[in-house]
Amino acid sequence: MTVTVPERHLYINGKWVSPIKGGMMPVINPANEQKIGAIPAATPEDVNSCVTEVCAAAKTGAWTKSSGSYRATFIRAIAEKIKENKGMLSKLESLDNGKPLDEAEADMDDVAFVFEYYAGLAEKLDESKESPIDVGNADYEVKVRKEPLGVVALITPWNYPLLMAAWKVAPALAAGCLCILKPSELASVTCLELAAIAHEVATLITHDGPDSSDRGYDLERKVVFDGRLEGVIIADTAAMKVVFDGRLEGVIIADTAAMKVVFNGSLEDVILVDTAAMKVVFDGRLEGVIIADTAAMKVVFDGRLEGVIIADTAAMKVVFNGRLEGVIIADTAAMKVVFNGSLEDVILVDTAAMKVRLPAGCLNVITGTGVDAGAPLSSDPRVAKVAFTGSSVTGSRVAMAAAQNLRPAGLELGGKSAIIVFEDADINEAVEWVMTGIFFNSGQVCSATSRLILQNSIEGPFMARLKARAEAIKVDNPFVEGCRLGPVVCKSQYDKILNYINIAKAEGATVVTGGGRPAHLSSGYYIAPTVLSDMKPHMRVWREEVFGPVLSVMTFDSEAEALAIANDSEFGLGGGVISKDLERCRRVAEELECGIVWVNCSQPTFTQVTSCLLFMHSHYCLL
């Protein structure tokens, strides 16, 4: 199926906005070097406008003060939309980034899982919002309270465009932060589609069930909820019918004009507020005080109220005095809503448009260059934290910019990871893992095990097998069936990798295989899987991140020598060891100076962990 790059604008505070200066940047398909679309080119003025609007949105507390379970509803809905649109998103990722289609499809599965995982964590936050601390003095009660930082800047790379965005966006949303996502200008298409998905989810959370077509679903006349809903508030002032199918707990319906309210399933603690007929009906068990006075000019709540719902469609003012927790306000006509006192987990529901809204400003996407968009974003003092994934050089600049404002910066930077293969390893299996570690995603992986440290005694048979397997890799258009290695992302990256290969040859390295463009591909940014031997510790290709399908090989005699070679690096992202001797594997893993160590495997990563020791036994990964 043909996929066209959608035309999108900047997504700011729940709206699609054209760049102030109207700039656009071309989207180039790395497989054929042809323009396939365009993305907005944000400027510092756009960034300033975005931060201003998002900060204003943060001050409302609509998202930052909402409960984790409320946030989880939207985060989980994003995951579902990712699944629904997997085919389209995968194709766009391959077009934009150049990775094989099946790898892009696997990425989308991971993206959906990331949002699902953090939706679960968001719900758990409700259980641990405050933690008591024993200070050894009964006269004092001390608690640590977890609160969202506020507005955060998320700057992501081009090698896993949507997945890297998910790794940052999902936890930030779960924590109650408002996100400004700035993807790499080299691959922004799917991140703009994430904005489109968030916009759809924000507009109306509606799940079409198996029999939704039989109901004659009409947005203007009906709101339908299928599945299990907890703590849901529906304020419907114009629809003809509200239908609930499934299990509902803690549901409140405020229906002021609808002709009918229908409940199917199990209902607990349900409250019906029917203001059109001047009647208040309570079904179920109610705790606390609820006052619904819709004829008067004012609705007043005094005292401590928990889990209160106010549906006021005519009053000029709603006033809350006292302490309110878990409050939901559905006010479709009132001129003013006033809160006095302590408010926790407040949710505003806009029912005038017949929609349940994700508060505007929760997720914003601005595209553009690092100079024009990334730099002003990372240096804006109104941004509470910057999270960046990319090169070490750029990461250093981001950290310094954030430090100028005394703001924290989370950095995930480059790597030059080593994988040590001992003589007792199964050569065939070891070769496959070595190739996975460097040729997957065309070597464009920050943790790629691009340095092979091979025991001397098996150099001959191992290198022969490695050469044969590398030359058997199918390099082709990402949409061609069986493609295992697509183009690198852009012309500048292509030139950079070839330049590193030329430098290596000039410094005395031997090209075992690869080293340039595959003969059968005349256009596109393709580089054949490349293996370099006769490496020396001082060579640039051995020490610097190439970020491409280039493996450098050095040999060793003893375990101590292997560790010395591996740890002689300014990088420390990952490392690996392959051996049948698991005791040796554990010993070596403990001595490798890096954050993640793969044992008898390379590159598996999991959302649930940031750094770990990962063993591969047969087909099972044991953490």
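The values are calculated or read from the model by the stated rules, or taken from the named source; none is laboratory data. The shown structure was predicted, so the numbers you read here are calculated from the model rather than taken from an experiment. Glycine also receives a Cβ, built like all others from the backbone with ideal geometry; neighbour counts cover every protein chain displayed.
List of remarks:
- The set of residues in segment 426-446 that are outside any helix (DSSP H, G or I) and over 34 Å from the mean Cα position of the chain (by Cα) contains only Asp426.
- Look at (1) farther than 25 Å from Pro478 by Cα; (2) within 21 Å of the chain's Cα centre (by Cα) and you find that Lys65 fails only one, number (2).
- Evaluation of Asn477 against (1) assigned to a helix (DSSP H, G or I); (2) at pLDDT 95 or above (one fails), failing number: (1)
- Candidates Asp139, Asp211, Asp126 - the one that is modelled with pLDDT under 95, outside the structural domain of Ile28 (by TED's automatic domain parsing) and out of contact with any Leu (no Cβ under 9 Å at 6 or more places or on another chain): Asp211
- Residue list for segment 593-613, filter: of a type outside the set (S, T, N, Q) and touching a helix residue (DSSP H, G or I) at 6+ places or on another chain (Cβ under 6 Å): Glu593, Val597, Val599, Cys601, Leu613
- Counting only strands (runs of 3 or more DSSP E) that fall entirely inside segment 1-120 and contain at least 2 residues that are surrounded by fewer than 24 Cβ atoms within 10 Å (Cβ to Cβ), the qualifying elements are 15-17, 24-29, 34-40.
- Residues that are within 22 Å of the chain's Cα centre (by Cα) and part of a helix (DSSP H, G or I), drawn from segment 378-395: Ser378, Ser392, Thr394, Gly395
- Spans of strands (runs of 3 or more DSSP E) in segment 126-207 with at least 2 residues aliphatic (A, V, I, L, M) and farther than 23 Å from Val51 by Cβ: 142-145
- Scanning segment 66-96 for residues that are closer than 29 Å to Pro487 by Cβ and among the small types (Gly, Ala, Ser) returns Gly87, Ser90, Ser94.
- Scanning segment 408-434 for residues that are aliphatic (A, V, I, L, M) and crowded, with 22+ Cβ neighbours inside 10 Å yields Ala418, Ile419, Ile420, Val421, Ala425, Ala430, Val431, Val434.
- Search result, residues across segment 440-497 that are more than 29 Å from Ile565 (Cα to Cα) and not hydrophobic (A, V, I, L, M, F, W, C): Lys474, Asp476, Asn477, Pro478, Glu481, Gly482, Arg484, Gly486, Pro487, Lys491, Ser492
- Residues that are out of contact with any Asp or Glu (no Cβ under 7 Å at 6 or more places or on another chain) and among the β-branched types (Val, Ile, Thr) within segment 542-585 comprise Val546, Val550, Val553, Ile565, Val577, Ile578, listed in sequence order.
- Test: residue in segment 447-463 that is farther than 24 Å from Asn97 by Cβ, part of a helix (DSSP H, G or I), in contact with a strand residue (DSSP E or B) (Cβ under 6 Å, 6 or more places away or on another chain) and among the charged types (D, E, K, R): yes
- Whether a residue is buried (at least 21 other Cβ atoms within 10 Å of the Cβ), outside the structural domain of Ala560 (by TED's automatic domain parsing) and modelled with pLDDT of 95 or more was assessed, and Thr389 passes this test.
- Qualifying residue in segment 488-498 (condition: under 36 Å from the mean Cα position of the chain (by Cα), of a type in the set (Lys, Arg) and either under 25 Å from Ile420 (Cα atoms) or not in a helix (DSSP H, G or I) (or both)): no
- When every residue of segment 498-511 is checked against the conditions, at least one turns out to be over 28 Å from Phe606 (Cβ atoms) and either among the acidic types (Asp, Glu) or in contact with a Phe, Trp or Tyr (Cβ under 7 Å, 6 or more places away or on another chain) (or both).
- Among residues of segment 67-89 that are within 18 Å of Leu192 (Cα to Cα), those with a Cβ under 7 angstrom from a residue that is polar (S, T, N, Q), sequence gap 6+ or separate chain, pair up as Leu89/Thr190.
- Count - residues of segment 529-577 that are under 21 Å from Phe439 (Cβ atoms) and either outside the structural domain of Ala506 (by TED's automatic domain parsing) or surrounded by 19 or more Cβ atoms within 10 Å (Cβ to Cβ) (or both): 28
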